[in-house]
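Here is the structure we will look at.
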Amino acid sequence: MGAETPPKIPLWAAGASVGGFMLLAVFFATNLLGNAPPNDEIPKLSPEYADTATVRKVRKEMTFDGAPCSSCHEGTEPLQGDPKEKGVFHEKIEIKHGRNQHCFNCHHRKQPADFSNFDGSAIKLADVQLLCAKCHGTTFRDWNNGAHGRRSGHWDVAKGGPKPTVCIACHNPHWPIFKPLKAAPAPHVNPRTRARKSAHAGAEHGGHE
Amino acid sequence: MSEEWKPVEDGTGISRRAFLAAAATAAVAATAAALAPMKDIADLPSLEEFLRKHYTELTPADKAAIIARISEQVEKKYGVKPNLTDPPPLDGVEFGYALNIGRCVGCRKCVFACVDENNQSRNPEIQYIRVLEMKKGSIDVESSTTEYEGEVPKKDSYYMPVQCQQCRKAPCVKACPVKATWQEPDGVVVIDYNWCIGCRYCIAACPYGARRFNWQEPHIPADELNPEMGLLSNRPRPKGVVEKCHFCLHRTRNGKYPACVEVCPTGSRKFGNLLDPNSEISNILQNKRVYVLKEEVGTLPRFYYYFDI
């Protein structure tokens, strides 16, 4: 009997299997699992982080509030005239240089644009490292050898050699201890969990939920 | 058998032929839907790319062709014409690095100068340098943190940046099953980004956590792309390969300092030729108190930490 009439598939079974495939197709096509969770938005690189400028600017000439030393100091000692009439004062210079608290330990008495060596001779601003070397001899030695201070340019002497930065490019001579810096952003170790984490931690990175 | 199984005779069933046709159509539809995301794969490797030899077996002509091809790909993707070169190692040069641990303030400028110089992925973020904030008096890296923020240096902390130590006995080189990473004559451990199979054995082998994996397509803004590129250093990496610090090969083999050395505001980072007795690095190794990280694992790093006192 069964040999003559081809067997029929029960409708529920056929519907279930075809429907199953169709459901799979819809599932894949609409991507019900969804894409991977979006990455935390990482801000663009701020150019300041890769800025190779030194902490301080090195001036070519000695000035005070933009005025050359000679506009008040005539190169004689003591200072001629009433300082109050000259307009600008050095009192606002804060000195925190250990025991070295006297202007003329470093500054030259008669040549206000220069610095003073032990024997009273002048040290030019361009050679300011020699002034610092009066007390900081070991640091000066390290600086000469390249162990102290930043160098840029070329490590290869044949290609031009390193360009050292002078002491006052990093240290304020009146307050030489290195000032605290603001740290660049912390690493986003896992950008997917970071969003969740910073939502708890608060909005220090602001901008995204 | 057929006697026992009673075919449905009430007309609610469908024929086997019709069922098979419907089921096959539905199955094809499901397969097509499942494969649909593959239409988004834009850049399949070209035949030359697929048959490319290992970096160390390339002839100069091969290399020129590869450089031309990669330059074209970079220009197509970023709209910037790169100056892609492959500087060879210099004779009589072995690079060494020293970091003054007493001077580092942990400002992380080196991290971002490196990202900027070396075309690292911004999102997901890849950084070669990790700055560890360590408790003063402790040398336990396990208790350090990399997540500090705000003004640095913090009280009672010192900072120890860690990056690839360019080991003389590099565990990553030993671990690589396909020799995609090796040590160059100038001491720098490099990676052939086209040879790497992404197995990440090297990441497991590295005691310093210095290697990074491109889990996703690296994202670099086109206007921040550094066009000065080296084949073994900072050219944009594909997805699924490992990368790490390479002492800025494209800079240092041309005599320049690495980017992290040039940006350090405290001058803590020192770089030079270990074989030159007058170089700053030789001077530091002779005169300063020097240590290497995880000396006990026997990797013999070329990256030294030193302090002044």
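The values are calculated or read from the model by the stated rules, or taken from the named source; none is laboratory data. Note that the structure is a prediction, hence the values are computed from the model and not measured. Note that each Cβ is placed from the backbone with ideal geometry, even for glycine, and that neighbours are counted across all protein chains shown. Side chains included, ligands, DNA and RNA excluded: accessible areas come from the protein's heavy atoms. Shrake-Rupley method; radii C 1.70, N 1.55, O 1.52, S 1.80 Å.
Here are the numbers:
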read-out: Among (1) at pLDDT 95 or above; (2) among the hydroxyl-bearing types (S, T, Y); (3) touching a helix residue (DSSP H, G or I) at 6+ places or on another chain (Cβ under 6 Å), the one test that B:T12 misses; value: (1)
read-out: From A:K84, A:K124, A:K92, residue being at pLDDT below 90 and within 32 Å of the chain's Cα centre (by Cα); value: A:K92
read-out: Filter result for the condition that a residue is within 12 Å of chain A (Cβ to nearest Cβ) and of a type outside the set (A, V, I, L, M, F, W, C), over B:G298, B:G267, B:G240, B:G230; value: B:G267
read-out: Matching option when the condition is small (G, A, S) and at pLDDT 95 or above, among B:A222, B:A205; value: B:A205
read-out: Meets criteria (over 28 Å from A:F178 (Cβ atoms), of a type in the set (A, V, I, L, M, F, W, C) and out of contact with any strand residue (DSSP E or B) (no Cβ under 6 Å at 6 or more places or on another chain)) for A:A67; value: yes
read-out: Qualifying positions in the range B:108-124 - facing chain A (nearest Cβ under 7 Å) and not charged (D, E, K, R); value: B:V111, B:F112, B:A113, B:V115, B:N123, B:P124
read-out: Test: residue in the range B:180-195 that is touching a Cys at 6+ places or on another chain (Cβ under 8 Å) and assigned to a loop (DSSP other than H, G, I, E, B); value: yes
read-out: Residue among B:Y305, B:Y291, B:Y257 that is open to solvent by less than 10 Å² (accessible area, probe 1.4 Å), out of contact with any Asp or Glu (no Cβ under 7 Å at 6 or more places or on another chain) and more than 27 Å from B:Y193 (Cα to Cα); value: B:Y305
read-out: Segments classed as helices (runs of 4 or more DSSP H), wholly inside the range B:9-102, with at least 2 members that are closer than 30 Å to A:W155 by Cα; value: B:60-78
read-out: All positions within the range B:124-148 that are loosely packed, with under 13 Cβ neighbours inside 10 Å and of a type in the set (K, R); value: B:K136
read-out: Residue check, A:G34 at pLDDT below 70, open to solvent by less than 80 Å² (accessible area, probe 1.4 Å), facing another protein chain (nearest Cβ under 8 Å) and farther than 30 Å from A:F89 by Cα; value: no
read-out: Checking B:E151 against (1) within 27 Å of B:I284 (Cβ to Cβ); (2) surrounded by fewer than 19 Cβ atoms within 10 Å (Cβ to Cβ); (3) at pLDDT 90 or above, the condition it does not meet; value: (1)
read-out: Given (1) more than 8 Å from chain A (Cβ to nearest Cβ); (2) open to solvent by 50 Å² or more (accessible area, probe 1.4 Å); (3) at pLDDT below 85; (4) over 25 Å from A:G19 (Cβ atoms), index of the condition B:S2 fails; value: (1)
